[in-house]
Every structure is written in structure tokens, then in C-alpha cells.
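Values in this text are rule-based calculations from the coordinates and carry no lab data. Just so it is clear, the model here is predicted, and its values are computed rather than measured. Virtual Cβ from ideal backbone geometry, glycine too; neighbours counted across all protein chains shown.
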Amino acid sequence: MTYAKLGITVVFATLILTSCDNFLARTPPSQASVEEFYQNASDIDAAVVAIYGTLRSTGLYGRFWAYGDLRSDIGDMTFPGGFDPLTNIDEFSLTPSNRLLNQTWVAHYEGIARSNTVLNRIENAELDESGANQFRGEAAFLRGLMYFNLVRIFDRVPLVVSEVNSINEIESERSPIDEIYDQIISDLETASQLLPEAYTGNDLGRATSGAASSLLGKVYLTRQNYPAAVEALEDVITSGHYRLLDEYSDIFDYNNPTHDEAIFTVRYQANGQGFGSSYSDEFAPRDYPDVPGGQTRNRPTLTLLDAYTTEDEERFTATIDTQFVDSGGNVVSQRYNKKYLTPNPFSGEGHDDWPVLRYADVLLMYAEALNEVGRTEEAHAPLNRVRDRAGLAATSGLSQSGFRESVYQERMIELAFEGHRWFDLLRTGRAIEVMANADPSYNIDEHQLIFPIPQAQIDVTGGALEQNPGY
Amino acid sequence: MSNNLWNRFLLVISTPFIIACMLLLLFPIDGMAQQGGTIEGVVTDSRTGTTIPGANVVVVDSERGAATNDQGEYTILDVEPGTYTLQASFIGYREDNVAGVEVQAGETVTVDFVLQQELGGLEELVVVGYSQQQRKDLTGSISSVPVQELEGAPINSVDQLLKGQVAGVRVQEVTGAPGGGTTVQIRGTGSISAGNEPLYVIDGFPVSPGFNQNSNPLGSLNPSDIEAVDVLKDASATAIYGSRGSNGVVLITTKSGVAGATQLTFNARYGIQEAAHRVDVLNAQEFAQAVIEARTNAFIDDGGDPSVPLEDRVGGPFAIPDELLNPSALGEGTDWQDEIFRASPEQNYQLAVRGGSESVRYYVSGSYLNQEGIIVDSEFQRFSLRSNIDADLSERARMGLRLSPSYSIRNVIQAGGNLGDAVVRGATSSLPIFSVRNEDGSYNFANSNYASGFAPIINPVARAREVDDERTEMRLQGSAFAEYDLTDNLLARATLGVDYDSERSNYYRPSTMANGRTLPPTNPIGTAGTWQGVNWLSEATLTYDRTMGEHDLDVVVGATAQEETNERTDIEATDFPNDFVTTLNAGQATYGATFKTQWALLSLLGRVDYAYQSRYLLTMTIRRDGSSRFGANNRWGTFPSIAAGWRISEEPFMRSVSFVSDLKLRASYGQAGNFSIPNYASLSLISDVDAILGPGLGERVNGLVPAGFSNSDLSWETSEQIDLGLDLGLLSNRISLTADYYRKVSTDLLLNVQIPASSGYTNAFQNIGQVLNSGYELGLNTENIAGDFQWDTRFNISFNRNEVLELGPAGDPIFGVGLGATTTHVTQIGAPLGSYYGLDVLGIFQTEEEVENNPSFDDSDTRYSRPGDYRFRDVNGDGKITFGEDRTIIGDPYPDFTFGLTNSFGYKNVELRFFIDGAYGFEVFNANAETTGNFAANTNLYKSAFEGRFISPDQPGDGETPRLNRRPAGLNNNISSRFVEDGSFMRLRNITLNYQVPSTFVESIALNSARLYFTVQNAYTLTGYQGYNPEVSQEGGNSLAPGIDYGAYPIARSFTVGMNLGF
């Protein structure tokens, strides 16, 4: 029976001598791992596309309106108490544990980390220099955009600009505000130099040098560095790539989001797989036909309704309605925000896109900056281009302070529900006064001009991240 | 191996009595003078009724006796006339004596014996890892489940066999869904995120875990095919399973062939099941009253004038629908529980053949189970086959084959979860004012979009009947082994096994269903999925087994390799043009994906069992495991153990203490691991974050990002355990007791710790954290009355204490999330894993003064506390109640103790058995109270929430229930101890009446044996819990959020008749 003994020995030997490490080293068949990635242009391209993909999330542009519009005097909640994270933002009663705050923090830092990773890994990837420069520019633009949002919402935040690869490398202490703005400006300047002026085909919608300059102008305006703002915005205007559309309502046509007025837009697509936007679902009134989940959030306030003059009909009808016919044929009286009101083919998912930057914004910023540097006379022209498209008479001969009021008013109407209002109030120092005029019950305090740092982040850093005063 | 041990036992260590029997066998009495009488008869098993070949029957005080033949028959010839006592015995059975047998010359007297199996007998063989031992030689804490006793109970899955039978094993029957799983925990919960299920080893094959409420990896196994279930509890027993042993190991051995006459058995049972409990909710009239009161209170809170007539009130939370204005006109309304529950049949048939020659032995069985659920449209069917064949190829070589294909079909209903999709929660929450169907016969979905301020609830009957959700599973477990005796003492064995599992699911929601608030017709949704697992094992062992004088040595060394590959396909479609064709070809596919994942494990193992003078016992084991799941820097782990035993009863000085038949002390120490971390957790993987770019509606462009940090140091979790045990047998083991103390510390726990988001990630896998489980276990078996009337008792009780010792770097608590997104649990140092967390209710504010003088919810808020609202404990002592800061631990999901008690009474052919089990001192998080106990009357309410409510200081109710209020004030509806209910229970789980049909009658109808039985399962439950079942676990094995009841499928009470026939 020696053959049996031999057999047994062979079985043993095979098992013991099987090259253990080969047998145990497994790579996932359904996912790539980082070690195999970031090798070439197509890898880096996919890594950049993912930063754009981040922008759709709730914490980024999915609910940017909660900060830009709901917080301000133009939007409110129809059913207070119905959904606390938003009601508390609207009513200035929010606490650091508000869920949206943490979502916002997390989403922005996810985007920043993805940008940092691209900027780091591109150095060792094999690709030609022009392609590399475009990717560097896109990552820098998007990182600048996210830090700009973060500082406006939370004030000082941890400034992380390199790839983090282990938990020992995490920075969680807040950086000085000037340092963060210097980084934003440097990123946007880099981006405006490296990025192409325009794209074609499926690259349409990626960041352009115009987008970087427009955002840079907005940053300078926020920093009240008006001469620099004028310079940056002039680059956009003279580039010749942008114009105002003829019809105001065409701006929001989801079938054509890459029109000539769009400078940078966060894109959605309702395909039943989580790529749609929730704007129409959240903004539509209840029982609104075609939008089954309508929740009447971010409803136009009476303050906003009053701000429209009777001549401003085109913009009013594109932005607001006060009644609708429900699916049963009943006329329902209800104010609602209709800029993003498109049929929802999939429950909770719409095609509507989010206009981060558009040419009318650039013209109004330019007008504002010119006025602030004392070029009030010249400032009338860009303002009037916006008014003209809206079918309004041109203004003329305004004093510097009169012009200031006029441009503020124009921004409120022209850019309503595009995420600008609250930040405009902040950067022009009018937030407390305007909010008190709109509704004395808001009764806001200085500390409420910035949002609290999310409690979850303070907890997880063991207190290394400090809370904003007053919260 | 087993035969070796067995023979060794018989020849060397047998009692004088057995030696006598052997002598009788060696010197058969035949061919002698025939002047005496003859005694003959049959020896049968008391439970199965099958005959016992090889049993010994002796005439006491004489040298006469005989062994039974293949048919279990014996004949003792030529017995001198006289009156004798006859004794029958067989290993594993209790001796039986028949006195007063009168033998007359030339006559034949018939004496039949019915032997009872002796459970936990000292000589019984116990399967331990990669070996077998007699119970008396065990050094570890190993319990055997009395599988034979449970035959006939309407048990459809092996895990249910463990229920209440073994100290230290907590089995929760968390769902009554046909084919659904249980949760099994051995010696507490030691892991936070790597699972707490034990390792199941079926005929030597470790199967992959994967229990949940709808699925059960043991579900394909037919319990009637099980020969033995042994549970390894302490580290000396589990360490041989290395990186998979820390949660305990359950070894399942299936029946194999025995040489002898072919035994054909046919088992059949039929039962009727019903819901064991109904939840007490309001009828239509009471509900309307509750709505009026809740909305009136909200109206008054808001500053409304109570004199405004009910019908004139306007506004979402205040307006009262017209049809509710006159409650007394509404009557009883619909009892939704009546509509979803039904009396449902369950039937099971099995045919088995067992037998073989000396050289080839077989066990072949086939069975069919059909269990219709107590909820309409739920069902489980299983077809299973088993073929276990063993053959001796030569004197020295043997081989064997285990093959068990099975096929099952489950019709699943969604019991719990979101009210828009839950049948059981839907039934307790649906408004009693609505009918099930409209007048035209279609389903009534009025509750999906009722008036303002009412929750959308799916019609639960329509959800159960109209939505198809079918899962099928084909499973083939098979293994083959070959054994060869290299020398008389050295045995080599090689095994190859495979576990192939293929599951399909098909789901279709027709257009006739409501979807959220949208009424039909809605857009249908269909999904189809497949899941396939191929798990193979190769194993080789060498066993050395030698007795040298007073030294007895057993050594096993081995090497194994195992690999599992899982593949999954998911497809979704919608836009079906009609409901006629429900396969996805009819719709538009919206999603399709396939996934593949693998793990591999290589191991070396060794065990040494040594005994000196059969008194001093020593066991040492070691296993070295390398797993693909561990990080590159930590790929191999070593798991050692050592145990010692001292059989004091074998010491010379104990000889005189005759009432002590067995006394053994045991002590063990060892380490085992938990390798159930995700397959590629140590790697940083790339995942999709696509973007929409391009003109028009845009194109989806692929974007890729790292999903997390890589961690090359990631490794298994380790648990270190000491165990001290005592085994005591008194009065010839009529009383036997096993007691254990253990202390198990699980370290290097795998935690997906939260990290600062400024890293770009919110979580990272780390090996940190420490949990302690320690406790006592006691098992006591007594034979209270012996003789014609028998009374046996088996009792076990376990006490386990669970405490978190260490958590992440800063020791921060981990919050567990139940109810979708709400914090309901906390895991913090010094408390049990997953303690309930929220506000602590002290009582109800009775008066304005009480509100004034006690901490209450913020005065500046419009929903401040008023009389009738909850009074909470001011945990941080700041004089007011703030939800964020006044939360505390409000309950413990783990019982102080669990127990099981079986009493069996036998008289001749009749046996009656009661099995009670229970758990004491734990709480259930009754998440159903989110709606049915929310006092807002936007869904139906518990009767207790209505009858005990506070109305006014003069009508304060039961003092525990707040006022009804549509806009709950004073934080009444936040997570608080009102959700936490005492879950302690005692359940009369099984009553069985057995009748062994007398053999004279059985033989007259050409049968070998026949047993009839009647069983009631879940006969009665004593508990204060108001839900269906206090054994709950909505979140499955998630140890961060245990104990949540969110509408699980209720368990059934069943009445079953059955028969076991032997041919």
C-alpha cells in the first residue's frame, strides 16, 4: 500500500508548499485598488470627473439653496416644523447637530480631498503636459470653489491642500481666514491660466478659464478688493465666450444647460439611478401635477414678491407663481418657487441643473465693482444690459450710493433662488438689517452670520476643531 | 477513528458489567442440553421505535445472556426454570430491568425492551474540532444538543434545535417568516462590526455565515438528517478553528449508515399555525375619538379657542376629517390584523433508508417541507436529498461521500420598516376606518393619501398579496474523504468538499399598488437578482492514537485550504406597459450590474490530547491561519490554547464515595479570532462617482475615486478566554451537573471608526476596541423518577455580562442608528455594547405648577412642556431639558440570564414533554411606538396609548401615558425611555405527547415500529411586552443597534400531529 502513503504525502506536501502568499494575496475583481490607478491620462481624467460628480451631493449643490436662499429674506418653509434641519436654517434656530451642516462639511472636504489627490498623483502619471495642465486647472478651480463655499458658511476651516493617506496625517485645526483666501485666490489664478476657454462634445460643462475668472471676481468682491475684481471680471467679459440669452426663462431650460449665458453649472440627469436633482421635488407645492412629492420648500417670501415691480413681469413669471391647478382640476392658492419646476420622471429625481455662475451674475458683479472703485458712470452699462434683457428701462445718472442700492436690488431679483442672496447680504454687511426689516421675529445676532461647525466633526476630532462663538 | 476509540473503550476501560457481557458474547451458549426454557424478545429505541441491533440482554445473577441481531431480536436458550430479572443495555442508552420473568421448561417467554437514550452519557462520543472524544475525556466546555429528543418538534432549521437547549447559547427567534433565520450568540456579543454568529461546521465543512431575517445558511439542511450537534464554547475548544473560532463553533454531524438490516423510515407531520399574539390597537370608534382629542389639544396649544366647533377648525394639524366627526357612528371598523393573518398549514414528509453491509454503509433520505406562513402569501418549500455513504476499501483504507442537494422556494413579504411598504407594521398602524377593498373589488389605498396630517400607510393586504417577491435557492453541499491506516496507530485522512449555493430573487410591484402618497396606477417596478457562492475546502490530517500503559495519547496535525467566490447580478426595470408580463423583458431596464468577490484561507493546525490514568487530562491545540482578508503586514495569525482536566472521581480515595459517579474539574485558556471583516477592507479601493457632462440632457461620464484609506496592518479580531468548569455526576449519573465560569475579552475589534472629514473620508477601518463577556453557565440533568413511570428534567441557565472596555483613539462613544437615521443606541466604555440611548422619562407633568417647578423643555419654544407631557430627567443638571444634552443610557438589550427547562414524563408507551425557555432582565426598543405609540393619532394607536392617557389633572390616566396631541409638545415624541419596554419573557415553547405503538400491533401491520405524536409549539408566552415577540432584532447582527422591534414577522403558535414509521 505504498501508493496510498505516497498519495497522502503528496496531498500534504501540496498543501503545505502551496505558495501561500500567492494564494492569499487577492485583488478585488469588481473594483480597482489605488495601487493600480492614477497611471495615465484616462485614469486622471476619471479622477477629475469624480470631483465634478461630488458637486451633485446634498451637502454641496443639492441643498446649496438652504444656505444661499432659505437662510435669507427671499425663501422660507411652508410647513415649519415639517422638516427640522431646513426649518432651523430658515428660522435661525439651528444647533451644531443640524444634519445638513455635517453633510455640507463632509461633501466639501470629499471634493477637496479628490482635488488634492489629483494634484498629487498627476505628477507621477504618464500624460502629456497640455492634458495635465487642464486637469490641474480643473482640480484647482474646484478646490477653490469648495473652500470659498466653506469659508462663507463656516468662516475659518482646516486648510488641507495635500493628499491624506492615513489617519495619522489628518489635519483638523482651523486655519486663519487670510491663509484660506490666499489659497483660494492662488488656486483660481492657476486655474484661469491653465484651463481652456471652451470645450466641445462631452467635455462641455467642465470648468473653463472664464469660470475661474468669474469666481475669482466673486472672491475679490467678497474680500472687497474691488480693483482686482474689476480686472478678473473684465477678462470674462472680453473673452467673447458669453452673452445674455434673449429670454430670461431660457436660462433654466434643462434641455439646454450649456447655453451661452452659463459659465459654470452643476449638472443633473433624472435617470432613476440617483443622478437627478431634488429641486423640483422639494420646491413644488403639494399635489402639483407631475411632481408627486412636492413639499413647497424654499417658498418665495412676501418680501421677495414685493421686490418685483409690475414691469418686471418676465422675471416674475419665470421665478414665482401664486397658484396652480392640481391634478384633480382644482385651483390651489400657494406661492411657490418655479425656477426648477420640471416634471419628475422618477420619484424625487428631476433634470434641473444648478447655475453656480452665469453671465448676468458676472455683469452685475462687474457693475458693482466698477461703482465701488468710483467708476459709477461706466457701471451703468453692464447693469442696464441685465435690465434690458428683463424688459426694464435703463437706469442712468445714479450716485455711487444710489447705484449700490440699485445693483443690490437687481441681484436680488435677477439671481433669486440661485444661491446668492444670503452671501450677497453677508459680503455687503447688510444681513442683520435686511433680515430685521423682512421679519422682526428673526431677531438675528451677529454670531448667526456664520454657521456653527458641525458637532459631529468637533466630536470626532476630540475638540481639536473649535466651535464658532455663540453656538 | 471513532471505531478505534469505541473498541478501545469496550476492551480497555469498560465496566465489569460490560466485560461480563463481552464474555457472554465470546462464549455463546448454544448446542447445549435443551431442558430449560427460552426467553426472547425485541429491543427498541423509545423515541424512534426502531430496533436496536447489538444490544445486550442478560439474565441477572446468571451467566446467561445474548446480543440482539440485526432486527433487534434476541433469544436466550436453555434457561433453567425459575423467576429472573432481565437487564438490557446498549451504549448510549439507559439500562432497563424487567423483574419477575418466569421461565418454565420447554416454554418460550417473550420480554421486549424499550430503551431510552441516555443523553450526555459519559461514554457518548462528542465531536470536537478535527477529532472525537468521549465526554468523560473532555477538557473544554462543549455541550451536545439532545437532537433525538427534539425529533418531531416542528423545527425546520438546525439553528432552532439549539434554542434553549444549551447553556451559554442564546438563540433568538427574531422572525416567524417561513424559512427565515434566527440570531445565535454563544457567550455574548464580542464583536462590534465583524459579526457575532458562531461558525457552523457541517460534517467537517465550515460554512459561511449570512443570517438575516429572510435567509438562513442552515435553512437548506433537513433537521431530521442530523445525528448530533455539538457546541464548542470555550477557547480550548474553539481555538482549533483559529481565526473563525471566537464566536463559538457549532459542529453538525449528519446521520451515516450502519451495518445491518436495512431500516426504512417514513416520517410525516402536519400542523396548523396561527399568530401567537395580537397587538391591541384601537377600533374605528376609539380611533376617531383619539383623532378629535389629539387635534383639539394641538389646536388649543396653538392658541385656538376650544369653543370653535370641531367641523370649523382649519389647518393641517387641527382640521378633523368629516367622517371622523361622529365616532359613535363608526363602530368597530376593520381589524387589519385579522386581514393579514391566517391559519396556515405546515407539512413535512421524509423517507430515509439506513443500512449496509460491514464494508459499505449508507444513509439516504429525501424530504419535502411546505410551510405556509401565518401572513397571507408567505410560504417556504424545501426539497432536500441526502446521500451519506461510507465504504471500507480494505482492512486499512476507507472512504466516504456526503452529498446533500436541496432546493427551496420562499415567498417573502416585507414585514417591517417604512410604513409605505410594511405588512406587519402596516396592519397595526392602518386606520380602522378604511375597508380593505373598494366596492368594485379593487384594493382601497385611501390610507396612502388621507387627509392632512395622517401618515401614508400602504394597504397591508395589498402589499402582501399584490407584490411578488420570490427567492429560490439551489444548494449542493458535498464532500468526499479517504482514510488510510499507515500503521496501527497512525491514520491519514484527506477531505475535499464543496458548498455550492445559488440563489435567485424576482420582485415585481404591479401598477395596481400605491407608491408613497401616489395612488394607483403607478409605474411598476421589477428587480431580478442572482447570487452564487462556491466555497471549496481541501483538508489533510494525520492522527496518531496510542495507549501505552497508563498513558493515552491522541495527536492530530493537519493543513487546510479554503476559498470562496461569490458572484452577484442585480437588474432593475420599470415602465412595464401592463402587469401581465412581470419578468424584466417587459419593462425598461434602469440598472444592471454584476459583482464578484473572493476570500481565501490557509491553515495549519495541531491538537494533542493526553490522559494519564484516565484521571489527568491535558489538551493543547494550535492553529495558524493566513487569510486574504488581512492586510499585507498582518497576513498570518496564530491561535493557541491549553486545557487541563482532573477526573477526581477516578482517584482511589473517591472509590468509597459511591454516590459520586463522576467528578471532574476543568480549566482552559486560549485565543481565537474573528476573521469576518470585509473581504478587501485592508485595501484602498476605487469606486464610481460619475458626473453628468456634455450638451443637452448630458451624458453620464465615469469618475473614479478612492473609497477609503488602505490599511496594511488590518487584521482579525482576537478573543482571549479562560474557562473554569466542573462536571458532577451523582447516583449513577441520575443527577448530572455541569457548571462553567468564563471570561472572554475580545480585543483588536474591527471598527469603522469615524474620522475627521477634513481627511476626505468619514470613516476608516481600524483594529481598536475591547469588549468583555463574562458569565456563568449551569446545566443540570436529573432523572427524578425511574421505573415504569419516568420523570426526567433537563435545565440550563446562563448569566452573561457584557461591557465595553475600550473604543477608538479618543474613547468616544459610537452611536447606533435605528429607525433610518435617528440615534437610538450608544456604545460607550463601561456599558454593554449597543445600549439604548435617549431621554429618560420620569413621569407625566400633572399640573402647571409641576411644569414650572421641574426642569422642562425649553420655555421659549412654541412646543414647550405642558401638563400631560412627559417629565424627563435633567441628566446634565442645567435646570432645563435639552434633547441633545439630556440623553442617557435608557436600557440594556442583553438579558441578565436565559434559561431552558425540559420536563419529560413517561409511562410505558406514552411520553409527555414540556419545554420552557425564557430570558430575564433585558429591554426591547419598541420602534413601532414611533407611530402606534406616538399619541398623535396620525396612524392607529396602541390601546394602551389611548386608555391610559392623561386628559386633565382630574383625569390623569395611568400616570405613565401622556396626553394625545397631533403636534407632540414637550419632546414627547423624541427618542426616550418610552420606546424601551421590558422584554423579559418565559415561553412554553413546546408540548409534545408521544405514543409508541405497541410492537405487537405494529408487527401485525407489517411495520417495525410506529410512533405517533402531537405537538404544540409556542403554546404560551408570559411577558409584559406589548409587541408580537420580545425576541427581536430589526438590524440583524448589528451589535451597535440590537433589540429593535420595527415590525418583524410574528412567530406562530402551531398544532402538529405526526408519525414516524419504521419498516
So what is the orientation-averaged projected area of region A:187-340, using the convex hull of its C-alpha atoms, in nm²? 12.1 nm²
Karplus (6.51, -1.76, 1.60) ³J(HN,Hα), θ = phi - 60°, over region A:322-336, in Hz, Gly and Pro reported as x: 10, 7, 8, 9, 7, 5, x, x, 7, 8, 10, 8, 6, 6, 7
Please arrange B:Val360, B:Val59, B:Val910 by counting, for each residue, the other beta carbons lying within 10 Å of its beta carbon, fewest first. B:Val910, B:Val360, B:Val59
When a/c reaches 1.5 or more, the comparison of a/b and b/c decides; with that in mind, is region B:664-819 rounded, prolate or oblate per its Cα gyration tensor? prolate
Charge tally in the Cβ shell below 11 Å around A:Tyr226, where Lys, Arg are +1 and Asp, Glu are -1, A:Tyr226 excluded: -1
Ranked packing of B:497-506, A:386-395, most packed first, by mean Cβ within 10 Å: B:497-506, A:386-395
Along the charge dipole of region B:665-754, which of B:Thr718, B:Gly694, B:Leu730 sits closest to the positive end, that is, farthest toward it, with unit charges on the beta carbon of Lys, Arg, Asp and Glu (+1, +1, -1, -1)? B:Leu730
Cα-based equivalent ellipsoid of region B:649-712: semi-axis lengths in Å, sorted from largest, via gyration tensor: 70, 13, 5
Measuring from label point to label point, each 7 Å out along Cα→Cβ, what is the B:Val308 to A:Ser130 span in nm? 7.1 nm
Lys and Arg at +1, Asp and Glu at -1: add these up for the other residues within a Cβ distance under 12 Å of B:Ser357 and post the number. -3
With r defined as the distance between the Cβ atoms of A:Thr95 and A:Glu377 and R0 fixed at 41 Å, what FRET efficiency is calculated, to the nearest 0.05? 0.25
Size of electric dipole in the protein assembly as shown: Cβ of Lys, Arg +1 and of Asp, Glu -1, about Cα centre, debye, nearest 20: 2780 debye
Ordered by fewest other Cβ atoms within 10 Å, a rough proxy for footprinting exposure, B:Arg475, B:Arg743, B:Arg1053 read B:Arg743, B:Arg1053, B:Arg475
Extension gain (nm, one decimal) between B:Thr638 and B:Ala480, 0.36 nm per residue minus Cα-Cα: 54.1 nm
Using θ = phi - 60° and the Karplus curve 6.51 cos²θ - 1.76 cosθ + 1.60, what whole-Hz ³J(HN,Hα) does each residue of region B:446-461 get, with Gly and Pro shown as x? 3, 6, 6, 8, 7, 4, 4, x, 10, 6, x, 10, 5, 5, x, 5
Given an 8 Å cut-off on Cα distances and at least 6 residues of separation, report the relative contact order of region A:333-413 as a percent. 23 percent
So between B:Val910 and B:Asp688, what do we pick up on full extension, going 0.36 nm a residue minus the alpha carbon distance? 73.3 nm
Which shape class applies to region A:111-259: rounded if a/c is under 1.5, otherwise prolate when a/b exceeds b/c and oblate if not, where a ≥ b ≥ c are the square roots of the Cα gyration tensor eigenvalues? oblate
Computed lengthening from B:Ser658 to B:Val608, 0.36 nm per intervening residue step minus Cα-Cα distance: 14.8 nm
For A:Lys218, go through the lysines and keep the ones whose alpha-carbon is under 27 Å away, minus same-chain ones fewer than eight residues off. A:Lys338, A:Lys339
Placing +1 on each Lys and Arg Cβ and -1 on each Asp and Glu Cβ in the protein assembly as shown, then taking the dipole about the Cα centre, the residue among B:Thr38, B:Thr512, B:Val114 whose Cα reaches farthest towards the positive end is B:Thr38
What residues have an amide H closer than 5 Å to that of B:Asn990, excluding those fewer than 5 places away on the same chain, when H is modeled at 1.01 Å from N in the peptide plane? B:Phe915, B:Asn1018, B:Ala1019
Pull up the DSSP beta bridges for the protein assembly as shown and report the antiparallel fraction as a percent, rounded to 5. 95 percent
Taking every C-alpha to C-alpha distance in the protein assembly as shown and binning by 10 Å from 0, the per-bin percentages run 1, 7, 13, 17, 18, 15, 11, 8, 5, 3, 1, 1, 0, 0, 0
Sorted by chain and then number, the residues having a modelled amide H within less than 5 Å of the amide H of B:Gly948, at least 5 places away or on another chain, are none
Within the set B:Lys664/B:Lys908; B:Lys255/B:Lys596; B:Lys880/B:Lys943; B:Lys255/B:Lys744; B:Lys136/B:Lys744, which residue pairs have Cα atoms separated by over 30 Å? B:Lys664/B:Lys908; B:Lys255/B:Lys596; B:Lys880/B:Lys943; B:Lys255/B:Lys744
With θ set to phi - 60° and the Karplus curve 6.51 cos²θ - 1.76 cosθ + 1.60, what are the ³J(HN,Hα) couplings of region B:735-747 in order, to the nearest whole Hz, using x for Gly and Pro? 10, 10, 9, 10, 10, 9, 10, 9, 9, 10, 10, 9, 10
What distance in nm separates the two pseudo spin-label positions at A:Ala198 and A:Ser327, each 7 Å out from Cα along the beta-carbon direction? 4.3 nm
Sorting check: for A:95-104, A:63-72, which peptide has the highest mean count of neighbouring beta carbons within 10 Å, and how do the rest follow? A:63-72, A:95-104
Work out the mean other chain Cβ neighbour count within 10 Å for the residues of B:480-487 and drop it here as an integer. 2
Plugging the Cβ-Cβ distance of B:Glu803 and B:Leu726 into 1/(1 + (r/R0)^6) at R0 = 22 Å yields, to the nearest 0.05, a FRET efficiency of 0.30
Would you list B:Lys908, B:Lys136 from fewest to most Cβ contacts within 10 Å? B:Lys908, B:Lys136
Would you mind giving the mean number of other chain beta-carbons within 10 Å of the Cβ of each residue in A:455-462, as a whole number? 5
B:Ser394 versus B:Glu852: modelled label distance in nm, points set 7 Å from Cα along the beta carbon direction: 10.2 nm
Taking B:Lys233 as the anchor, which aspartates and glutamates have their alpha carbon closer than 14 Å to its alpha carbon, excluding any fewer than eight residues away along the same chain? B:Glu197, B:Glu720, B:Asp723, B:Asp740, B:Glu777
Expressed as a whole-number percentage, the relative contact order of chain B with C-alpha contacts under 8 angstrom and at least six residues apart is 11 percent
Taking K and R as +1 and D and E as -1, what net charge do the other residues with C-beta under 11 Å from the C-beta of B:Ser715 add up to? -2
Enter the mean number of other protein chain beta carbons within 10 Å of the beta carbon of each residue in A:89-100, as an integer. 1
Taking the Cα centre of each part, how many Å lie between region B:613-691 and region B:44-106? 44 Å
For A:Tyr288, other-chain or 5+-apart residues with amide H closer than 5 Å (H placed, Pro excluded) are A:Gly294
How high is the FRET efficiency from B:Ser952 to B:Tyr270, r the C-beta distance, R0 51 Å, rounded to 0.05? 0.35
